[in-house]
Amino acid sequence: MIQTSNLLEQARAQTGLTDFGEDSFREPLEKLVDALNRESQFTPFGEKALPGMIVGLLVNRLEIEEWYARHPEIEEQQILAPTFGIGLGRTGSTALGFMLALDRNTRVLREWENKRPCPPPESATEDNDPRIAEAEESSRLLETVVPELRDMLPRDARGPAECARTLALSFAHPSFFEVFAHVPSYAEWVASSGFDQRPAYRYHRRVIKLLQWRCPPNRWFLRTPIHLSSLDALNEVYPDAQFVMTHRDPVKVLPSTVSLMHNFRKSYVRNNEPEFGKVQELYWEYALKRALAFRDHIGEERFFDVSHRRQSQDPVEQIRTLYAKFGWSFDKDLETRISQWQDTNPKGDHKFSPSDFGLDINEIAQRYKFYSDRFATMM
């Protein structure tokens, strides 16, 4: 039985610190722990790994708050016009993130600092920070647990990471924890329309300010599919945000997304039943509809669309147009680096059957017709 009080105490003991920051994380953490205890059937690995993951997030919070207490000037950092990569998973957003990170003027959330944001990175040591080696070792260990990852995603400890873990510091986004555990009551509660996501984004901004403080550049590109369901909250915290939305046929996307999540979950929990696929099909429909309603409300000016199909064929063409949209400078050197990255990172071989996860491609096509019709040229 996992106990919230024990998790908090373990984090305090590891750090010698006591201040977790504002208390909005506590109720979601309690709900998550309750769902883990009642609903998840852990594997031997998951029984240790999941509480350890939560303690790691709590340790990060303690260390973040300690840095702010020692250096209150961090709060003065300005995160100006950040660009957020949004869209369903498995739409080429990871590859896009890697290619945009090739621009020395663009700041991304790197895997090594994503896992351990403290001490905040410094420009003078960012290329040989000891956390890089730690993240590389962690990646190798993860591949022993989830070997399918080698063929499913570009991965590099120095490369860009999703900011889902940053949102998870507030324990208030369902999709991060659903990758590892069976927690339907928690996921339904956090995903409900009445749940306030603004505290999660305020803490997200707190982390980004910390990372920017001693380590520019300051033109951020941040991405994760889970932004889709909470763009209104994101927009309140980052009112000048810009959005790059990646697109791909949902008939291809949904089974691939569920397959990826399944390959993670099977190492942590035993209750990985086929109904999980249908749950994800419904959740991402809900997330997309919320995102498009937000887009309709604020207008098209802050959005740029990327086609997975066209990106696979000619990424330079779309990225050059993206740069023109946002007024960024695109040069020949960047074009060369993008082409080289594309040539040296061929698409992996990801085999799966939709029926393995209780999915029917005809049902997906009909359910997501509102989306695929609207963005038909992107499919």
So residue 198, is it in contact with a helix residue (DSSP H, G or I) (Cβ under 8 Å, 6 or more places away or on another chain), open to solvent by 10 Å² or more (accessible area, probe 1.4 Å) and among the basic types (Lys, Arg): yes
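Residues are listed down the side, and each one gets a yes or a no for (1) in contact with a strand residue (DSSP E or B) (Cβ under 9 Å, 6 or more places away or on another chain); (2) outside any strand (DSSP E or B); (3) surrounded by fewer than 18 Cβ atoms within 10 Å (Cβ to Cβ):
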position	(1), (2), (3)
47	no, yes, yes
52	no, yes, yes
94	yes, yes, no
120	no, yes, no
For residue 126: the one exception among (1) assigned to a loop (DSSP other than H, G, I, E, B); (2) under 30 Å from residue 288 (Cβ atoms); (3) not aliphatic (A, V, I, L, M): (2)
Criterion: within 19 Å of residue 197 (Cα to Cα) and free of Cβ contacts under 8 Å to residues at least 24 places away in the same chain - qualifying residue of 26, 61, 70: 26
Cβ pairs under 7 Å, 6+ apart, first in the stretch 1-12 and among the hydroxyl-bearing types (Ser, Thr, Tyr), second assigned to a helix (DSSP H, G or I) and surrounded by fewer than 16 Cβ atoms within 10 Å (Cβ to Cβ): 4/30
Which numbered condition residue 218 misses (of (1) closer than 24 Å to residue 91 by Cα; (2) more than 18 Å from the chain's Cα centre (by Cα)): (1)
Residue under evaluation residue 269, criteria (1) in contact (Cβ under 8 Å) with a residue 60 or more places away in the chain; (2) open to solvent by 10 Å² or more (accessible area, probe 1.4 Å); (3) over 23 Å from residue 98 (Cα atoms), criterion not met: (2)
Check on residue 305, acidic (Asp, Glu), under 23 Å from residue 378 (Cα atoms), open to solvent by 30 Å² or more (accessible area, probe 1.4 Å) and assigned to a helix (DSSP H, G or I): no
Every residue from the stretch 333-367 that is among the β-branched types (Val, Ile, Thr), open to solvent by less than 90 Å² (accessible area, probe 1.4 Å) and without any contact (Cβ under 8 Å) to a residue 12 or more places away in the chain: 336
Members of the stretch 227-245 found to be of a type outside the set (A, V, I, L, M, F, W, C), open to solvent by 10 Å² or more (accessible area, probe 1.4 Å) and either touching a strand residue (DSSP E or B) at 6+ places or on another chain (Cβ under 6 Å) or modelled with pLDDT of 95 or more (or both), listed by number: 232, 235, 236, 239, 240, 242
Residue among 370, 326, 330 that is of a type in the set (A, V, I, L, M, F, W, C), without any contact (Cβ under 8 Å) to a residue 12 or more places away in the chain and out of contact with any Cys (no Cβ under 7 Å at 6 or more places or on another chain): 330
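Residue-by-condition table, conditions (1) open to solvent by 50 Å² or more (accessible area, probe 1.4 Å); (2) at pLDDT 95 or above; (3) farther than 22 Å from residue 309 by Cα; (4) touching an Asp or Glu at 6+ places or on another chain (Cβ under 9 Å):
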residue: 151; (1), (2), (3), (4): yes, no, no, yes
residue: 160; (1), (2), (3), (4): no, yes, no, yes
residue: 168; (1), (2), (3), (4): no, yes, yes, no
residue: 194; (1), (2), (3), (4): yes, no, yes, no
residue: 207; (1), (2), (3), (4): no, yes, yes, no
residue: 214; (1), (2), (3), (4): yes, yes, yes, yes
residue: 223; (1), (2), (3), (4): no, yes, no, yes
residue: 247; (1), (2), (3), (4): no, yes, no, yes
Residues satisfying the stated conditions in the stretch 249-266, i.e. of a type outside the set (Ser, Thr, Tyr) and either in contact with a His (Cβ under 9 Å, 6 or more places away or on another chain) or open to solvent by less than 10 Å² (accessible area, probe 1.4 Å) (or both): 249, 250, 252, 253, 254, 255, 258, 260, 265
Among residues of the stretch 122-144, those that are closer than 26 Å to residue 29 by Cβ, aliphatic (A, V, I, L, M) and either surrounded by 15 or more Cβ atoms within 10 Å (Cβ to Cβ) or modelled with pLDDT of 95 or more (or both), counted: 1
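The values are calculated or read from the model by the stated rules, or taken from the named source; none is laboratory data. Only a predicted model underlies this, so the values are computations on that prediction, with no experimental measurement involved. Reconstructed Cβ throughout: ideal geometry from the backbone, glycine too, with neighbour counts over all protein chains shown. Keep in mind that these areas ignore ligands, DNA and RNA; they rest on the heavy atoms of the full protein, side chains included. Shrake-Rupley method; radii C 1.70, N 1.55, O 1.52, S 1.80 Å.
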